[in-house]
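Here's the structure, in structure tokens; my notes come after.
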Amino acid sequence: MWHNPRRYPHKDEYQLRVLLHHRIRLAKIRTMLKNKIHAALIRNGIQSPWSDLFGKNGRKFLENISLPETEQIIVCSSLKLLDTVQKEMAALEADLCARAKENPNVKLLMGIPGISVLSALTILAEIGPISRFSSPKKLACYAGLVPSVHQSGKTRYAGNITKEGRSTLRWILVQCAQRAIQSKGKLRSFYLRLKEKKGHKIAIVATARKLLHIIWAVLTRQEEYMELTKNLLERKLKSLTKQAQAYVVDMNELLRVIDGIEDVSEKETRSWLFGTG
């Protein structure tokens with residue numbers, strides 16, 4: 001059964017959740033635009049010589065290929081929109097990283113394999129105060145990561161996960177589990193053992209649930225994850241600091257423009273802020 005403690009999120013928590021959901025939507029738009037461009041190439045039998053079609057060399061390739069007029073319009077339009085979306089995502093992510101530096105729980109979660117700064121923020125925003133959950137099982141119920149139970153007469157058996165509760169929390173945990181199993185450790189070992197018996201899908205969901213149990217323990221006890229390696233956390237914190245500093249630089253630039261300290265035209269200001277020409 002879905003564990004649903006009645007509670008309205010705090011204002012700051014709600015605003016953070018809205019920003020994170022907006023970032024997820026932007027990421028989906030980015031994927032859609034990339035898929036449109038890939039589809040246009042496939043329709044015209046064109047194969048890119050570059051594995052990363054949207055990297056530096058891939059972009060040059062896209063800008064120089066010859067396509068029918070309608071397909072050219074689609075590709076050019078999609079590339080312009082893609083640039084705008086990526087600029088907005090970069091600014092939003094820098095803002096989120098600046099917020100993350102003020103939250104000690106973000107650092108705790110970043111010590112767990114598979115969890116990045118944005119993943120940590122999303123998990124914290126979706127869970128709220130960890131004190132709401134007296135056990136990891138209740139937290140797993142809240143995320144919809146527990147097996148459904150069916151009963152026929154005296155026979156009870158477990159089915160697929162319930163998928164009740166916070167869908168965004170469930171999604172981000174599976175994403176984190178996918179990353180965690182790429183490196184050596186207990187989570188990878190757990191996944192590989194289960195994969196042999198149950199297959200990938202069941203194993204990755206079970207790994208996401210195990211990850212959530214670790215998250216509950218780390219946040220409840222306010223202790224670092226026991227498998228934490230110094231190099232892993234240092235790399236993550238270095239990335240967080242870099243992105244947070246980018247946000248400070250961007251905001252200082254914005255304030256200078258608003259205060260009129262620099263002579264910037266309205267058109268140039270709109271281009272800088274919104275990616276418009």
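The values are calculated or read from the model by the stated rules, or taken from the named source; none is laboratory data. None of the values given here were measured: they were computed from a predicted structure. Positions of Cβ are generated from backbone atoms using ideal geometry, with glycine treated the same way; all protein chains shown enter the neighbour counts.
Points worth noting:
- As for the range 101-121, it holds at least one residue that is in a loop (DSSP other than H, G, I, E, B), among the charged types (D, E, K, R) and without any contact (Cβ under 8 Å) to a residue 24 or more places away in the chain.
- Candidate set from the range 108-143 (those that are buried (at least 24 other Cβ atoms within 10 Å of the Cβ) and of a type in the set (Ser, Thr, Tyr)); member that is nearest to Gln182 (Cα to Cα): Thr122
- Residue check for Glu88: at pLDDT below 90 and either more than 23 Å from His10 (Cβ to Cβ) or not in a helix (DSSP H, G or I) (or both): no
- The one condition in (1) touching a Leu at 6+ places or on another chain (Cβ under 7 Å); (2) aliphatic (A, V, I, L, M); (3) under 20 Å from Glu93 (Cα atoms) that Val18 fails to fulfil: (1)
- Any helices (runs of 4 or more DSSP H) falling wholly within the range 162-221 and containing at least 2 residues that are small (Gly, Ala, Ser) and free of Cβ contacts under 8 Å to residues at least 60 places away in the same chain: 200-221
- Subset of the range 168-209 that is among the charged types (D, E, K, R) and surrounded by 18 or more Cβ atoms within 10 Å (Cβ to Cβ) - its residue that is nearest to Val18 (Cα to Cα): Arg170
- Close Cβ contacts (under 6 Å, 6 or more residues apart or on different chains) running from residues in the range 19-47 that are of a type in the set (Val, Ile, Thr) to residues that are surrounded by 14 or more Cβ atoms within 10 Å (Cβ to Cβ) comprise Ile29/Val85; Ile37/Val75; Ile37/Ser78.
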